[in-house]
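Peer 1: I have a structure here, written as structure tokens, and I will follow up with some questions on it.
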Ligand code: CP
């Protein structure tokens, strides 16, 4: 069965069958990444543009690598070296790029809703690589893949998203995706970092990190997004660390093997200590490797739809 949509704009409302299809397809591509020749001809002849209006390391590189591994032709756009600097509008930029005959657009933008807008002005398949504070669907998919890889399932697991939930598109996509897949999802952090009415999404709310560690199988620890003014919601990063930082000492109080995820980039010593970020329970670099396989799966499934 193909995916139910020709775009991936978010995980809100995406059926379980679609998520399962992407996760299952990614298993095959993850195996390709371990081969001496890490390339398949699947998207030969397809042209994909990576339209990044915001900084990125992991997402941009892994999308580009995924496209190259699938033998697609790829073009990278970044605002700092484009005619956006000369005042060209977003719509004109997209229409000009589209005139060069492309098949898919991967977009990251500081404004929520830009991927949806692109579906109205372009005929290409659109993939959201993070839009404002809205969604980051491929991050949540690679998070789910990494959880399943470590624990063998998602259904029934207790997963807590820790930290700056209010500024996090990763949190929202994880909540939608994990709940669809049957996990019990919670969030943990200071009240000032929780969106108003977060409980209405069907998540439990913790304000005590020790309780969150005690009661959950997985912690997905978010970065404190200082560039999005998160600093104004806490007295200081030191205070945040004292109350909510995930430390080896806190984990060792409970005799359990909790799985630690972090989407990156990490603020070491703020939301997580180096001991935990580099320790035995984390899957942080596995997430990055799995991100290439997930993006290959999404590109393949969308790029071969009729
Ligand atoms: N996780 C994530 O989106 O990282 P980048 O901002 O580096 O792409």
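The values are calculated or read from the model by the stated rules, or taken from the named source; none is laboratory data. All values derive from a computational prediction rather than experimental measurement. When we count neighbours, we look across all protein chains shown, and the Cβ atoms used for this are built from the backbone with ideal geometry, even at glycine.
Peer 1: For region 139-187, which positions are over 21 Å from residue 57 (Cβ atoms) and part of a loop (DSSP other than H, G, I, E, B)?
Peer 2: Selection gives 152, 153, 154, 155, 156, 157, 181, 182, 183.
Peer 1: Name the one entry in 171, 166 that is touching a helix residue (DSSP H, G or I) at 6+ places or on another chain (Cβ under 7 Å), surrounded by fewer than 24 Cβ atoms within 10 Å (Cβ to Cβ) and in contact (Cβ under 8 Å) with a residue 40 or more places away in the chain. Talk me through it step by step, then tell me what you get.
Peer 2: Numbers: 171 fails: surrounded by fewer than 24 Cβ atoms within 10 Å (Cβ to Cβ).
Going through 171, 166 in turn, just one is touching a helix residue (DSSP H, G or I) at 6+ places or on another chain (Cβ under 7 Å), surrounded by fewer than 24 Cβ atoms within 10 Å (Cβ to Cβ) and in contact (Cβ under 8 Å) with a residue 40 or more places away in the chain: 166.
Peer 1: May I ask you to verify whether residue 149 is surrounded by 15 or more Cβ atoms within 10 Å (Cβ to Cβ) and within 16 Å of the ligand (Cβ to nearest atom)?
Peer 2: Against the criterion (surrounded by 15 or more Cβ atoms within 10 Å (Cβ to Cβ) and within 16 Å of the ligand (Cβ to nearest atom)), residue 149 does not qualify.
Peer 1: To continue, here is another question. Test residue 51 against the criterion of being crowded, with 20+ Cβ neighbours inside 10 Å, in the same structural domain as residue 165 (by TED's automatic domain parsing) and at pLDDT 95 or above, and give yes or no. Spell out the reasoning first.
Peer 2: Working: crowded, with 20+ Cβ neighbours inside 10 Å: yes; in the same structural domain as residue 165 (by TED's automatic domain parsing): no; at pLDDT 95 or above: yes.
For residue 51, the condition - crowded, with 20+ Cβ neighbours inside 10 Å, in the same structural domain as residue 165 (by TED's automatic domain parsing) and at pLDDT 95 or above - is not met.
Peer 1: Please verify whether region 280-288 includes one or more residues that are within 15 Å of the ligand (Cβ to nearest atom), modelled with pLDDT of 95 or more and over 20 Å from residue 56 (Cβ atoms). Write out each step before concluding.
Peer 2: To start, the set of residues in region 280-288 that are within 15 Å of the ligand (Cβ to nearest atom) comprises 282-288.
Restricting the remaining residues to those that are modelled with pLDDT of 95 or more gives 282-288.
Next, from what is left, pick out any that are over 20 Å from residue 56 (Cβ atoms): 282-283.
The answer is yes; a qualifying residue exists.
Peer 1: Filter region 31-54 down to residues that are within 16 Å of the ligand (Cβ to nearest atom) and under 19 Å from residue 103 (Cα atoms), then give me how many there are. Step through it out loud before you land on a result.
Peer 2: Going residue by residue through region 31-54, those that are within 16 Å of the ligand (Cβ to nearest atom) are 50-54.
Checking which are under 19 Å from residue 103 (Cα atoms) leaves us with 50-52.
Number of matching residues: 3.
Peer 1: Right, something else. Picking from 57, 28, which residue would you name as being surrounded by fewer than 14 Cβ atoms within 10 Å (Cβ to Cβ), closer than 27 Å to residue 290 by Cβ, within 25 Å of the chain's Cα centre (by Cα) and within 16 Å of the ligand (Cβ to nearest atom)? Explain how you work it out, then say what you get.
Peer 2: On the way: 28 fails: within 16 Å of the ligand (Cβ to nearest atom).
57 is the lone residue from the list that is surrounded by fewer than 14 Cβ atoms within 10 Å (Cβ to Cβ), closer than 27 Å to residue 290 by Cβ, within 25 Å of the chain's Cα centre (by Cα) and within 16 Å of the ligand (Cβ to nearest atom).
Peer 1: Something else now. Only one of 168, 122 is over 21 Å from residue 257 (Cα atoms) and within 12 Å of the ligand (Cβ to nearest atom). Can you tell me which?
Peer 2: Numbers: 122 fails: within 12 Å of the ligand (Cβ to nearest atom).
None of the others qualify; the one that does is 168.
Peer 1: Can you pull out the residues in region 130-140 that are touching a strand residue (DSSP E or B) at 6+ places or on another chain (Cβ under 9 Å) and away from the ligand (no atom under 12 Å from the Cβ)?
Peer 2: Those that are touching a strand residue (DSSP E or B) at 6+ places or on another chain (Cβ under 9 Å) and away from the ligand (no atom under 12 Å from the Cβ): 132, 134.
Peer 1: Just to verify a result, which residue in region 77-109, among those that are within 16 Å of the ligand (Cβ to nearest atom) and surrounded by 14 or more Cβ atoms within 10 Å (Cβ to Cβ), is nearest to residue 33 (Cα to Cα)?
Peer 2: Of all residues in region 77-109, those within 16 Å of the ligand (Cβ to nearest atom) come to 77-80, 106-109.
Applying the additional criterion that residues be surrounded by 14 or more Cβ atoms within 10 Å (Cβ to Cβ) yields 77-79, 106-109.
On the way: 77: 25, 78: 27, 79: 30, 106: 21, 107: 24, 108: 25, 109: 28 Å.
Filtering first and then ranking leaves 106.
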